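See structure below.
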Amino acid sequence: MIKIFKLVLIFTGLFSQISLLYSQQQLEIPKIKGEIKFDGVIDDECWQYIVPLMMVMHTPTFNNQPTEKSEVMLCYDNTYLYVGARLFDSNPSDMLISSKKRDESDVASEQLMLIFDSFNDKENGLGFATTPTGLRSDFTIYKDAMGMTDPTQGPFNMSWNTFWDVKTTKNDKGWFVEMRIPFSSLRFKDENGKIEMGLICVRQIAHKNEIDVFPAIPPNWGPSSAYRPSKAQEVVFEGLKSKKPFYIAPYAIGGYQMDNILNDAGTAYTLKKNPKLNAGLDVKYGLTNNLTLDLTFNTDFAQVEADNEQINLTRFSLFFPEKRTFFQERSSVFAFDFEEGSSLFYSRRIGLYEGEQVPIFGGARVTGMIGKWDMGFMDMQTQPINQRAGASNPLSSENFGILRLRRQVINENSYVGGIVTSRVGRDGSYNTAYGMDGIFKIWENDYLNIKVAQVMDKTFQNKMASLDPTSLYVSWNRMTQKGLGYDFTFSRSGKDFDPKVGFLTRNNYTFYNAGFGYGWIPGEASAVQDHGFRLMSMAYTDNFNNSLQTVETDLMYVINLKSGYGVMIALKNMFENVTDTFNFSSNAYVPTGKYKFNQIESHINSPMTNPLVVRTDFYGGSFYDGTRYSFGFEPSWNIGSTLQLGLSYNYNILHFSNRNQSFSGGVTGLKALVMFNTKLSISTFIQYNSAENSMLTNFRFRYNPREGNDFYIVFNEGRSTYRDIENPRLPLYNNRSILLKYTYTFTL
């Protein structure tokens with residue numbers, strides 16, 4: 001593997017003269033003396049002498065003069081970074097003010113957002129956003145905001161939270177903002193008192209469907225263009241000393257859990273009642289200027305929002321995103337991904353097993369910079385479960401570890417790194433994975449991505465020189481939505497490559513992918529924001545006999561209008577070689593065999609700036625040896641800034657006439673969120689899965705008077721809606737719990 005990376009470095013060196021670092025004039029942020037009256041009224045004397053950022057229109061027409069005036073200013077003292085903004089609006093009564101929810105990302109609103117590439121690594125960012133209601137949204141940006149396709153979510157990890165404050169005011173001229181961000185919440189490299197960061201400022205004028213940005217970043221990379229850390233303006237802070245955070249956050253949890261469990265004879269269900277009383281502790285401490293230590297003891301995630309129910313129409317495992325806060329901070333540091341559906345590290349392997357929660361004794365995480373190396377380390381210890389005699393799915397206590405290192409080479413958008421993961425059980429089992437990777441910027445939009453990894457496991461013949469425990473990945477992408485884009489990928493995974501801390505949908509395969517696209521951004525005179533075609537073909541082959549597993553060819557057209565409407569339509573030709581029968585229900589399945597079929601796929605979304613937003617999805621055509629028609633309908637309604645209602649409805653109809661089989665099933669979800677103010681909210685999420693005849697209810701009450709001080713009341717229930725489907729008759733509910741959790745953070 002070392003030889004491979006030497007060849008990679010030599011190869012990329014040939015292109016280094018094309019990829020020279022561009023020189024960008026740095027912007028010096030002024031340091032102030034005295035105090036700022038933190039009230040959301042931008043009238044302190046110091047603001048009068050600070051030059052506002054020069055913002056330009058990002059969309060609908062890049063580089064035009066913004067339709068409304070924005071004066072966004074930054075300054076700092078020894079403790080805080082301050083942001084002051086006068087956001088004028090010629091028709092303030094038209095302003096769209098949609099939410100008071102912490103970490104809002106699902107609805108459109110007038111918004112001001114500041115993004116800091118605090119380590120100036122041109123890849124990761126920390127975001128702080130607010131609206132006229134004074135809500136706080138903080139998030140991380142990863143992978144340079146590239147590869148993100150969902151415009152409603154963007155390139156954000158909204159689960160990251162930190163300590164900062166915001167005040168807003170409104171009048172007949174617009175709305176006004178003051179942010180106060182402690183430097184201990186940013187973390188950065190301190191080089192002799194000089195701090196260099198990247199800065200992006202984004203203003204969304206929602207009622208005009210307009211986005212203004214500083215610096216002048218073009219929309220050439222799609223909806224995430226304005227949020228790319230590699231395009232940020234470099235700013236400098238002089239004479240600043242890093243503040244080491246030290247937070248201690250104990251929590252207490254109490255409640256009641258009830259589960260209906262089938263008895264050993266299989267003749268009846270027994271109600272098991274478990275009162276729950278627990279406590280734990282989280283600690284955050286700045287080890288150095290650049291390194292942060294997080295400790296967790298007796299970890300509990302009772303307050304985490306429920307997963308979305310899904311109906312699986314594939315023969316592979318479903319992927320669910322991570323929602324637990326402890327695993328979110330700088331989570332991009334730990335990323336080591338291959339093609340879609342394949343990753344060396346998947347944090348949901350920790351504390352979850354066969355759909356069941358596994359208690360965590362505790363763990364530690366260290367993230368930050370060591371010299372020029374971006375570093376992430378995590379170690380977690382879980383408790384044993386199901387240890388009684390005859391219990392199903394027993395699992396011993398396990399230790400999970402991961403170490404990730406990366407650093408820039410050649411230019412500011414190229415990196416090399418390595419990773420090691422381990423999963424060791426008290427029963428003697430072990431699984432260790434290690435790999436090296438590099439991503440190299442060749443031209444302005446062209447990137448070469450190479451990964452090599454191996455797995456060592458107690459149950460395998462561990463041969464380092466063999467391809468059996470090895471995965472190889474090489475891709476060349478031209479990342480742009482304007483003009484010609486393309487991507488070529490080759491990946492190979494051996495039969496013994498099975499990282500137990502990762503996520504794989506397939507085993508012992510070779511993957512090929514080639515795609516070409518061309519996009520247009522018509523300009524000011526057109527009603528079209530952007531549109532383009534894409535042709536993609538990919539194939540999986542079996543390494544055992546070189547037979548085809550899957551082949552898919554797609555022709556896709558995407559169009560986005562300046563009004564906010566978007567349409568995607570794709571024609572798909574597919575081949576599947578099914579070697580094991582898989583089921584949709586007890587009387588509908590796909591038998592082994594080779595299948596060719598064609599489908600059409602389409603997605604339509606209405607403008608996010610409307611109070612009522614609707615997304616529709618459709619899949620139709622042949623499906624293996626039958627037909628498939630799937631419909632999705634997802635409206636959301638914002639009733640002012642106090643109430644949000646959401647409905648999601650997905651229904652699938654499968655018919656296999658030659659075998660006289662059919663399947664129909666769907667998931668209906670109802671969400672309601674009541675926001676009394678920015679500190680107090682109530683949310684409900686009810687899901688009905690007709691294929692599983694189940695209904696899940698999640699209710700959450702949250703009181704968050706300040707960051708780090710949280711009180712939750714959480715009610716969860718799972719029940720069967722068709723109790724006579726099995727013998728013995730199913731109980732009225734499978735499980736039911738009510739939990740109260742309180743966390744208080746001490747700042748030292």
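Geometric descriptor of region 189-348, per residue, is 260 Å³ (volume of the convex hull of the Cα atoms).
Taken along its principal axes, the alpha carbon cloud of region 96-236 reaches lengths of 45, 32, 28 Å, longest axis first. The trypsin sites (Lys or Arg not before Pro) of region 652-681 meeting both criteria, a DSSP state outside H, G, I, E and B (loop) and at most 16 other C-beta atoms within 10 angstrom of the site's C-beta, are Lys679. For region 469-608, the alpha carbon convex hull comes to 167 Å³ per residue, rounded to a whole number. Normalised by the number of residues in region 210-327, the mean separation of alpha-carbon contacts (under 8 Å, six or more apart) gives a relative contact order of 17 percent. Annotation: peptides 429-439, 37-47, 363-373, 456-466, ranked by per-residue average of other Cβ atoms within 10 Å with the highest first, follow the order 429-439, 363-373, 37-47, 456-466.
Hydrodynamic radius of region 344-407 by the Kirkwood approach over all distinct alpha-carbon pairs: 13.4 Å.
In summary, the convex hull built on the alpha carbon positions of region 450-536 has an orientation-averaged projected area of 7.5 nm².
Working note: Debye formula, equal point scatterers on the alpha-carbon atoms of region 547-696, no solvent; log10 I(q)/I(0) at q = 0.18 Å⁻¹ is -1.13. Remark: relative contact order (the chain) = 10 percent; criterion is Cα-Cα distance under 8 angstrom and separation of 6 or more residues.
Rounded to two decimals, what is Rg over Rh for region 262-329 when you use alpha-carbon atoms and the Kirkwood radius? Result: Rg/Rh = 1.15. With every protein chain present, what is the per residue accessible area of the chain (1.4 Å probe, Å²)? For the chain, the solvent-accessible area averages 45 Å² per residue. Relative to its Kirkwood radius, the Cα radius of gyration of the chain gives an Rg/Rh of 0.95. Report the far tail of the P(r) of region 573-654, meaning the percent of Cα-Cα pairs longer than 16 Å. Taking all Cα-Cα pairs of region 573-654, the fraction more than 16 Å apart is 65 percent.
Summary value for region 48-194: 22 percent relative contact order, contacts being C-alpha pairs under 8 angstrom separated by 6+ residues. Evaluated with a Cβ-only charge set (Lys, Arg +1; Asp, Glu -1), region 531-588 carries a dipole of roughly 400 debye about its Cα centre, given to the nearest 20. Its DSSP H runs of at least 4 residues, each contributing -39,500 (n - 2.57), put the calculated 222 nm mean residue ellipticity of the chain at -500 deg cm²/dmol, to the nearest 500. Ellipsoid semi-axes for region 68-174, based on the Cα gyration tensor and the rule √(5λ), read 24, 19, 13 Å when sorted largest first. Remark: the Val474-Phe319 segment gains 53.5 nm on full extension, using 0.36 nm per residue and subtracting the alpha carbon distance.
For the set Val51, Val613, solvent exposure ranked by accessible area (probe 1.4 Å, protein chains only) runs largest to smallest as Val51, Val613. Magnitude of the charge dipole for region 602-705, about its Cα centre and with charges confined to Cβ atoms of Lys, Arg (+1) and Asp, Glu (-1), is about 320 debye. Hydrodynamic radius of region 198-290 by the Kirkwood approach over all distinct alpha-carbon pairs: 19.9 Å. For a 20 Å ceiling on Cα separation, which of these pairs sit above it: Lys189/Lys372; Lys451/Lys572; Lys167/Lys679; Lys101/Lys671; Lys37/Lys167; Lys167/Lys284? The pairs that break the limit, which is 20 Å between Cα atoms, are Lys451/Lys572; Lys167/Lys284.
By accessible area, using a 1.4 Å probe on protein heavy atoms only, the chain has 56% of its surface on carbon and sulfur. Rounded to two decimals, the Cα-based Rg/Rh of region 505-574, with Kirkwood Rh, is 1.20. Per the Cα gyration tensor, region 377-469 maps to an equivalent ellipsoid with semi-axes of 36, 16, 10 Å, ordered largest to smallest. Percent of Cα pairs in region 416-456 per distance bin of 5 Å, from zero to the largest separation: 6, 19, 20, 14, 13, 10, 7, 5, 3, 2, 0. Cβ-Cβ distance of Asp172 and Val420, R₀ of 56 Å, FRET efficiency by 1/(1 + (r/R0)^6): the value works out to about 0.40.
Working value for region 429-484: equivalent-ellipsoid semi-axes of 34, 9, 9 Å, each the square root of 5 times a Cα gyration tensor eigenvalue, largest first.
Divided by 2.2 N^0.38 Å, where N counts the residues, the Cα radius of gyration of region 562-605 comes to 1.76. Would you please calculate the Kirkwood hydrodynamic radius of region 617-748 over all C-alpha pairs and express it in Å, rounded to one decimal? Radius from the Kirkwood sum: 18.0 Å. Working note: Karplus 6.51/-1.76/1.60 with θ = phi - 60° gives region 193-210 the couplings x, 10, 10, 10, 9, x, 10, 10, 10, 10, 10, 9, 9, 5, 5, 10, 6, 10 Hz, where Gly and Pro are set to x.
The values are calculated or read from the model by the stated rules, or taken from the named source; none is laboratory data. Remember, it's a predicted structure, so these values are computed and weren't measured experimentally. Positions of Cβ are generated from backbone atoms using ideal geometry, with glycine treated the same way; all protein chains shown enter the neighbour counts. For the accessible areas, the whole protein counts, side chains as well, though only heavy atoms, and no ligand, DNA or RNA atoms are used. Shrake-Rupley method; radii C 1.70, N 1.55, O 1.52, S 1.80 Å.
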